[in-house]
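Below is one structure; the comments refer to it alone.
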Amino acid sequence: MTGTGGQKRVPANYLENFMVGLPPIEEQSRFENIYKQADKSGFELRKSIVSIDKVIKSLINENL
């Protein structure tokens, strides 16, 4: 760590040589499946919100 005044920094050359480990392919696949399900759920949620918004606007217009 370098720096002064309480603002310590990791030197750039440390990060350039830092080795990142990967989990086994089975664990990567499991994470991918979780991610895909979450993404699909988010998409469905956004579609539902758009549909609800259309219904609300329709009801408001009917009552004007």
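The values are calculated or read from the model by the stated rules, or taken from the named source; none is laboratory data. Note that the structure is a prediction, hence the values are computed from the model and not measured. In this analysis, Cβ positions are derived from the backbone assuming ideal geometry, glycine residues included, and neighbour counts consider all displayed protein chains. The area values use the complete protein model at the heavy-atom level, side chains included, leaving out ligands, DNA and RNA. Shrake-Rupley method; radii C 1.70, N 1.55, O 1.52, S 1.80 Å.
Observations on the structure shown:
- The residues of region 1-12 that are of a type in the set (S, T, Y) and open to solvent by less than 100 Å² (accessible area, probe 1.4 Å) amount to a single one, T2.
- Within region 13-44, the set of residues being open to solvent by 100 Å² or more (accessible area, probe 1.4 Å), modelled with pLDDT of 95 or more and among the acidic types (D, E) comprises just one member, E26.
- Only residues that are acidic (D, E) and surrounded by 10 or more Cβ atoms within 10 Å (Cβ to Cβ) were counted across region 45-64, and they come to 1.
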